[in-house]
Amino acid sequence: MPRSELTGTRIRERRLALRMRQADLARAAGISASYLNLIEHNKRRIAGKLLADIATHLEVDYTELMRGADQALLETVSAAGAATGLNEDALTQAEGLIRGFPSWAGLIANQAEQIAALERSVDALNDRLTHDPALAEAMHEVLSTVSAVRSTASILASTPEIDPNWLGRFHTNLDEDSRRLADGAEAMVSYFETQARRGPGFLAPTEVASAFLDSAQHHFPKLETGSEADVEALCAEGPEDANARTMVRTALLQYLHDTRQLPMQILRDAILDIGVDPLVLAEELGVPLDCLMRRLAALPPDAPETSDIGLLVIDSAGAARYRRPISGFALPLVTAGCPLWPLYQSLARPHYPVQSRLTLPDGAVFDATAIALPAKRPRPGTPDVLHATMLIQRMPAKSLPATRPLAVGVTCRVCARTNCTARREPSLLTPVPDHPKADTAF
Amino acid sequence: MTKTVLLIEDEPNIIVAISFILQRAGWRVQTHSDGANAMEAVTRERPDVIVLDVMLPGRSGFDILADIRAQDTGHDVPVLMLTAKGQTKDRARAEALGVTQFMTKPFANQAVLEAVEALAGQKA
């Protein structure tokens, strides 16, 4: 069955566009308002008669509600085929595969995602060996000890007439190295067992920290009126990995600081009055734009705007510091996004907000607001460290003019856009020209 | 004339084992276990072959290799570098710095002996 990840969102969009109350649509479709709420937030799948009934009451063809899901599945299946080297002719069959064999297409998509997750795990492990000096040193210690044991044992086995002094020395060395090897192997097993307990594969601390924040839906009621002691209490319930825990602590301390600048009730009241345009809200409430955007991303799960908001914070190197995901707009945690995003544009003009309406290859439209600000008070003689924050919203912001949206992607590797001046690597979804132009890489 | 191999390695029991193998095969073996002043040993001993570990206390094997190649004399001495298995980035970096051959740990004694003798033959 095709994944209906975006169907719920499309139902909600259409309902809001018709200014229809959730309870009224639920009653008309013969389901409870709470169940419809779960559907609209993509926490329950929907298909068949119920989808058709809802589509009728929303005065739209049911295929319109499924279109987003089909598109997402088509992109995933096509990317899976391109990754295995299927030619263009084969790739054009993907749509027919989805229509004729939706279950098998779903299986291909699921397996492609599993493969991608495993590849990320391998990359993370390789990266960890390269960039984790402690692990690299531990591996070197184990391999050196194994080398010593092997060399010594080989000498003893191949030299029947060996001088007694050497014999005694080699036996002592074998005894020492065996114990060191046992200790080293135990330490390595313990290290990897700890990694496995944290989640699938060998996740980087950034991913572990992000998973913890996702599990709390980025809202921490205790911190809304809490203290640093509450931050520590939450950290104690958080990741076991020390590095991930440090990242969680940093995020929660920022959260605590933000609550004191902008209490949640004040924000929610302001949203009711003037909407969710971050520039307007920040101006009206007199708070820094980045703080305002972080508070929007911290709205309670039951707030109507919550499922329509995503947030990404990066440093000057482009590395993600914080991410709140949003359905339909993939925000990367360990890879780079699309260079055309306002997030990266804002780094070129610190302190100036950048706001754009964006359209993705599947036609979805989002509003993006970004600003880059110094992470700390600038000091003479030290480089500026900037943090860029981008808020992604599904509902259009009122202050944006009705201009043509900016065509962007998610990340170059799986972006089908052609003739993009910002492309940094070929896409799996489009053929690479035999002779690329000199002034464009791909 | 007896040829000299300089073994720059901080794992003492590897030193013992490799020294035994090479000395039994007629080599004069000098050893040094501290990366910080390894170049003093290189200059003093003027070996025919150097066996160099990647990870050393005080200074990395890569830095020592770079210094060996930067010398006015003896810069072309054959260097056998010992790396951890699977670290392909180590190999690429060693090649860029001018290593003659590398071997991954754990290694076979006979493989080390054959490599050292082959490298000495190249120098001659």
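Of the listed requirements (1) assigned to a loop (DSSP other than H, G, I, E, B); (2) touching a residue at least 60 places away in the same chain (Cβ under 8 Å), A:Leu373 misses just one: (1). Among the residues of the stretch A:1-48, those that are closer than 21 Å to A:Pro301 by Cα, surrounded by fewer than 20 Cβ atoms within 10 Å (Cβ to Cβ), small (Gly, Ala, Ser) and at pLDDT below 90 comprise A:Ser32, A:Ala33, A:Ser34. Out of B:Gly121, B:Gly58, one residue alone is assigned to a loop (DSSP other than H, G, I, E, B) and either surrounded by fewer than 18 Cβ atoms within 10 Å (Cβ to Cβ) or within 14 Å of chain A (Cβ to nearest Cβ) (or both). It is B:Gly58. Take the residues in the stretch B:88-118 that are part of a loop (DSSP other than H, G, I, E, B) and under 26 Å from A:Val149 (Cβ atoms), then tell me which one is modelled with the highest pLDDT. Ranking the qualifying residues of the stretch B:88-118, first place goes to B:Val99.
A count restricted to the stretch B:20-43 and to residues that are closer than 16 Å to B:Ala111 by Cβ and either touching a Ser or Thr at 6+ places or on another chain (Cβ under 9 Å) or surrounded by 17 or more Cβ atoms within 10 Å (Cβ to Cβ) (or both) stands at 5.
Table: residues versus (1) touching a residue at least 12 places away in the same chain (Cβ under 8 Å); (2) within 29 Å of A:Thr159 (Cβ to Cβ); (3) small (Gly, Ala, Ser).
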position	(1), (2), (3)
B:Glu45	yes, yes, no
B:Val49	yes, yes, no
B:Ile64	yes, no, no
B:His75	no, no, no
B:Asp90	yes, no, no
B:Gly98	yes, no, yes
B:Phe102	yes, yes, no
B:Ala111	no, yes, yes
B:Glu114	no, yes, no
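Listed here are the residues, each with its yes/no results for (1) among the β-branched types (Val, Ile, Thr); (2) free of Cβ contacts under 8 Å to residues at least 60 places away in the same chain.
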site: A:Tyr255; (1), (2): no, yes
site: A:Leu262; (1), (2): no, yes
site: A:Pro278; (1), (2): no, no
site: A:Gly286; (1), (2): no, yes
site: A:Asp290; (1), (2): no, no
site: A:Val313; (1), (2): yes, no
site: A:Tyr322; (1), (2): no, no
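The residues in the stretch A:124-160 that are modelled with pLDDT of 85 or more and more than 7 Å from every other protein chain (Cβ to nearest Cβ) can be counted, and the count is 4. The residue that is surrounded by the most Cβ atoms within 10 Å (Cβ to Cβ), among those in the stretch B:61-87 that are part of a strand (DSSP E or B) and among the β-branched types (Val, Ile, Thr), is B:Val79.
If you check A:Ala364 against the conditions, is it touching a Gly at 6+ places or on another chain (Cβ under 6 Å) and either of a type in the set (A, V, I, L, M) or surrounded by fewer than 16 Cβ atoms within 10 Å (Cβ to Cβ) (or both)? It is true that A:Ala364 is touching a Gly at 6+ places or on another chain (Cβ under 6 Å) and either of a type in the set (A, V, I, L, M) or surrounded by fewer than 16 Cβ atoms within 10 Å (Cβ to Cβ) (or both). Checked against (1) in contact with a Leu (Cβ under 8 Å, 6 or more places away or on another chain); (2) closer than 19 Å to A:Glu141 by Cβ; (3) in a helix (DSSP H, G or I), B:Ala17 passes all but a single condition, namely (1).
If you go through the stretch A:324-356 and keep only what is basic (Lys, Arg) and either closer than 29 Å to A:Glu40 by Cα or assigned to a strand (DSSP E or B) (or both), you end up with just A:Arg324. Considering A:Glu207, A:Glu193, the condition of being more than 14 Å from chain B (Cβ to nearest Cβ), exposed (fewer than 11 other Cβ atoms within 10 Å of the Cβ) and at pLDDT below 85 is satisfied by A:Glu193 alone.
Within the stretch B:30-45, not a single residue is at pLDDT below 90 and within 11 Å of chain A (Cβ to nearest Cβ).
The values are calculated or read from the model by the stated rules, or taken from the named source; none is laboratory data. Not measured: the values here are computed from a predicted model. Cβ: placed from backbone, ideal geometry, glycine included. Neighbour counts: every protein chain shown.
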